[in-house]
Amino acid sequence: MRGGDLYRVREASRAAAGDDPGRRLWVGVLADAVVGYLSGRVDTVADGRRLGIVEGVYVDPGCRAVGVGEAMMAAAIAWFSGEGCVGVDALALPGARATKNFFEESGFTSRLLVMHHRL
């Protein structure tokens with residue numbers, strides 16, 4: 001996907017602290033097997049409001065379209081709401097139409113586009 005290399009080394013490489021109460025990991029299970037995950041954290045923005053961040057979401061390609069991702073997202077959104085978040089942000093790489101569709105089906109809309117000029 002376009003932008004994947006920089007995403008991997010900049011955004012995705014930020015390691016989560018295992019004992020951070022502002023971070024959570026949900027796993028998706030199908031037929032007693034783990035087939036996906038969703039990781040998230042809560043950030044506090046400059047004015048003191050709390051913002052949920054979906055750091056990563058993945059479902060095994062053979063297990064998609066059966067509700068695993070939707071169930072993890074619903075659990076994450078409920079947790080973010082309980083943590084007092086004013087909203088939830090998530091990233092989708094350009095060209096990742098299925099990812100964008102998943103987020104839109106979960107109630108997300110675009111709020112920021114990051115433009116990049118390759119050198």
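Bear in mind that the values in this text are calculations on the coordinates, not laboratory data. Predicted model only: the values in this text are computed from it and were never measured. Quick reminder, even Gly has a Cβ in these numbers, built from the backbone with ideal geometry, and neighbours come from all protein chains shown.
Table for the structure above
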| read-out | value |
| --- | --- |
| Sequence of F108, F103 once ranked by neighbouring C-beta atoms within 10 Å, starting from the fewest | F108, F103 |
| Cβ-Cβ FRET estimate between R97 and Y37, R0 fixed at 22 Å, reported to 0.05 | 0.55 |
| Relative contact order of region 38-119, pairs being alpha-carbon contacts under 8 Å that are 6 or more residues apart, as % | 28 |
| R24, R118, R50 arranged by Cβ crowding within 10 Å, fewest neighbours leading | R118, R50, R24 |
| Radius 13 Å from Cβ of I77, net charge of other residues (Lys, Arg +1; Asp, Glu -1) | -3 |
| Residue order, fewest to most beta carbons within 10 Å, for M72, M115 | M115, M72 |
